[in-house]
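Here is the structure we will look at, set down as structure tokens.
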Amino acid sequence: MSDNSSNVVLTIDDTIATICLDNPAKHNSLTGDDIGLFIAHLDTVSDNPNVRALIVTSTPGRTFCAGASLNELGSGNLSGEIFETLTNRLAQMRIPTICALNGSAYGGGSEIGLCCDFRIGIKGMRLFVPAARFGLCYPLNGIQRYVHKLGPDTAKRLLIASEEFHGEDLLAIGYLTHLVEPDELQSKAREMAESISKLAPIAVQTMKQICDQAGAGQLDLDAASESIQQCNQSSDLQEGLAAAREKRPPQFKGK
């Protein structure tokens, strides 16, 4: 299934969904309509019980995403609130998310990457957040996300000093989880998504939720313990143990 009638394209192939930014002439900057469609695609993916991994990427070009459209921000046609809605929605996806940065990332484009569980970058890419260069204060939730994911010192380098980072540096500071050659990006992202989709979805989603909550300092120990108990009482666990005994690939159903 695919929808290729816009600048934000959703494709669902069996257990893997892909959202592709497809406006390279505008450096994949996002208008209000683009952001609304992006959010709608996330809802579609969330409502599909068969999807077990999501890839967020762009068509080949110099830029993965330049964030929100500066023209619309300047004219007042685009607010920071709608972009926060997008990033919060992406960060809260129940399934694992992989950002395949097919080029450089600027401003909100770099935050879209931070909202994903894994970030695969390409050698030669660069990244910076230009808010301070324009006199703009970055949205509150976004600032918190940079601090939670990268630590306060690195967040200050990106947000306050508006420093520019390149591929190897992005890997060193923990922004990227993987760094590959440009022609290896899509195969690496697909390989990771396929590998994750073969794992037990209840266990994967439970551990993702606990990791995210613990990283944000919002872990509810009682709720987490209950989720772990439910996971360990699932049919998937029995299937995984049986498959190990029988030396065959497991067939997880998410039950």
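Since every read-out is calculated from the coordinates, none of them should be taken as a lab result. What you see is a predicted model, and the numbers here were worked out from it, not measured in a lab. Virtual Cβ from ideal backbone geometry, glycine too; neighbours counted across all protein chains shown.
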Practice prompt. Evaluate the relative contact order of the chain (contact order divided by residue number), counting alpha-carbon pairs under 8 angstrom at least 6 apart; express in whole percent.
Written response: 15
Worksheet item: Under a point-charge model restricted to the Cβ atoms of Lys and Arg (+1) and Asp and Glu (-1), what is the dipole moment magnitude of the chain relative to its Cα centre, in debye to the nearest 20?
Response: 420
Worksheet item: What residue among Leu159, Leu90, Leu140 has the largest mean-square fluctuation in a Gaussian network model of the chain, using Cα springs under 10 Å?
Response: Leu140
Fill in: All lysines inside 26 Å of Lys198 as judged from Cα atoms, apart from same-chain residues fewer than 8 positions distant
Lys188, Lys208, Lys247, Lys253, Lys255
Response to the item:
Computed over the chain: longest principal axis from alpha-carbon atoms vs helix 140-150 long axis, angle to nearest 10 degrees, is 60
Discussion item. Which one, Tyr138, Tyr175, Tyr106, has the greatest fluctuation when you compute a Gaussian network model over the chain with C-alpha springs under 10 angstrom?
Written reply: Tyr138
Practice prompt. Take peptides 98-105, 53-60, 235-242 and line them up by average Cβ neighbours within 10 Å, highest first, as a rough protection proxy.
Written response: 98-105, 53-60, 235-242
Worksheet item: Taking K and R as +1 and D and E as -1, what net charge do the other residues with C-beta under 15 Å from the C-beta of Gly151 add up to?
Response: +1
Worksheet item: Which of Gln209, Gly240, Ala224 sits closest to the plus end of the dipole of the range 200-246, meaning its Cα is farthest towards the positive end, when Lys and Arg get +1 and Asp and Glu get -1 on the C-beta?
Response: Gly240
Worksheet, complete the sentence: Surrounding charge for Ile160, neighbours by C-beta under 12 angstrom, Lys/Arg +1, Asp/Glu -1, total +1
Worksheet item: Taking a ≥ b ≥ c as the square roots of the eigenvalues of the Cα gyration tensor of the range 93-239, is the shape rounded (a/c under 1.5), prolate (a/b larger than b/c) or oblate?
Response: oblate
Worksheet item: When the helices in the chain are scored as -39500 (n - 2.57) per DSSP H run of 4 or longer and the sum is shared across all residues, what 222 nm value do you end up with, to the nearest 500 deg cm²/dmol?
Response: -14000 deg cm²/dmol
